Amino acid sequence: MRQSSIRIIALSIFFLSVPMAPAKAAEKDILQAVVSVETTIPQDRRTARFLGTNRQGSGVIIDNEGLVLTIGYLILEAEGAIITGPSGKQSPAKIIAYDHESGFGLLRMRKSLSIKPMRLGNSTKLSIQDQVLIASRVGPQPIIPARVVSRRVFTGGWEYLLENAIFTTPPHSFHSGAALIGKDGKLLGIGSLIVGNAVAPNVRSPGNMFVPVNEIKPVLADLLEHGKRQAAAKPWIGANTIEMRDRVFINRVSKDGPASKAGLGPGDLIVGVNGKTVRSQENFYRTLWADRKAGDVIKLNILPRLTAEPVIKEFSIKSMNRLEWFNKKPTL
């Protein structure tokens with residue numbers, strides 16, 4: 001089936017409750033703001049090994065000056081970016097900001113593609129069972145109807161916690177930077193991941209996780225003017241973790257990061273932070289960040305991976321701002 005036919009079928013299903021909105025008109029008015037994002041990352045960048053040197057996904061134009069909202073890992077440490085509109089016309093783009101706390105990225109097109117922007121909706125009003133549309137600019141089936149199946153905290157092993165994340169099903173394979181669109185045609189979220197537990201943490205249910213657009217509203221002015229939030233950065237220790245049976249293990253440490261310099265490594269069990277017991281990844285992050293800022297010294301209580309006896313040891317770690325760990329050239 002041709003892609004244009006697939007788009008029309010998906011849109012017809014999605015807008016079934018709005019009989020006066022023909023599918024083709026809806027596609028023209030709403031989906032034109034969804035663009036493809038391609039970035040190039042030098043091989044010597046910190047994230048090149050894990051995220052690749054050529055990244056492709058989607059983004060959404062959100063103002064009349066060509067500002068593109070996307071997922072941050074597509075642009076992290078990139079030296080160049082190309083935006084492609086629905087007509088195939090392209091524009092180079094300047095990287096404006098990467099926000100680790102939300103996971104968002106911002107780019108600005110260097111030349112106009114004459115595309116009408118998509119308005120930001122109110123993601124706090126999105127509820128379980130709400131019908132949505134997922135739209136990307138890449139993949140064999142770029143547009144699919146979906147429904148919201150969960151709103152809950154999401155934690156990622158890369159020292160990331162997102163309040164009230166949006167989980168949808170069925171999964172969209174080309175989710176990176178994809179638009180989550182409500183029935184009013186407004187943008188509600190940006191695609192981040194495919195997950196295996198969309199409905200609930202312990203329920204097998206493939207789907208996607210989206211970052212709610214309301215996460216960017218309070219900091220958008222800071223990101224546009226300064227390229228980052230102006231509030232004090234959270235402490236970052238460079239320890240990628242995994243939660244198993246209510247325990248938090250380190251599975252990787254960032255090269256030359258605080259945890260690595262302190263002697264921590266894969267297999268270490270994080271028992272506590274400053275003497276406070278850690279029982280989950282979420283609990284670990286909230287305790288790690290509580291009343292602290294980047295640069296503070298944090299004491300972790302660790303059961304080392306290589307020990308003859310099960311003795312808990314204390315490690316002092318001087319935290320840092322995660323943005324300072326990345327290679328600076330040329331932008332992030």
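How much length is gained on full extension from Gln131 to Val199, taking 0.36 nm per residue of separation minus their Cα-Cα distance?
23.0 nm
Net charge near Phe154, counting Lys/Arg +1 and Asp/Glu -1 over other residues with Cβ under 15 Å of its Cβ?
That works out to -3.
What part of the accessible area of the stretch 97-162, given as a whole %, is carbon or sulfur when the probe is 1.4 angstrom?
47
Using only protein heavy atoms and a 1.4 Å probe, report how much of Trp289 is accessible, in Å² to the nearest 10.
Solvent-accessible area, nearest 10 Å²: 40 Å².
Using a simple spin-label model with points 7 Å from Cα along the Cα→Cβ vector, what separation in nm is obtained for Asn64 and Glu309?
My value for the distance between the label points is 7.3 nm.
Among Thr40, Thr277, Thr169, determine the one that fluctuates most according to a GNM of the chain built with springs between C-alpha atoms less than 10 Å apart.
Thr277
Which pairs, out of Lys125/Lys228; Lys186/Lys217; Lys111/Lys217; Lys89/Lys183; Lys276/Lys318, put more than 20 Å between their alpha-carbon atoms?
Those over the limit are Lys125/Lys228; Lys111/Lys217; Lys89/Lys183.
Could you tell me which of Phe50, Ala78, Gln90 has its Cα farthest along the dipole of the chain towards the positive end, charges placed at Cβ (Lys, Arg +1; Asp, Glu -1), taken about the Cα centre?
My answer, from the dipole projection, is Gln90.
Any idea of the accessible area per residue across the chain, 1.4 Å probe, to the nearest Å²?
Ligands and nucleic acids excluded, the result is 48 Å² per residue.
What is the sum of charges around Val219, taking Lys and Arg as +1, Asp and Glu as -1, for the other residues whose C-beta is under 13 Å from the C-beta of Val219?
Local net charge: -2.
Just checking my list (i) 23.7; (ii) 20.9; (iii) 19.6 against Kirkwood radius over Cα pairs in Å computed from this structure; which label fits?
Computing Kirkwood radius over Cα pairs in Å and matching it to (i) 23.7; (ii) 20.9; (iii) 19.6 gives (ii).
The values are calculated or read from the model by the stated rules, or taken from the named source; none is laboratory data. Every value quoted in this text rests on a predicted model; they were computed, and no experiment measured them. With ideal geometry, Cβ positions are generated from the backbone for all residues, glycine too; neighbour counts draw on all protein chains shown. Only protein heavy atoms, including side chains, enter the accessible area calculation; ligands, DNA and RNA are left aside. Shrake-Rupley method; radii C 1.70, N 1.55, O 1.52, S 1.80 Å.
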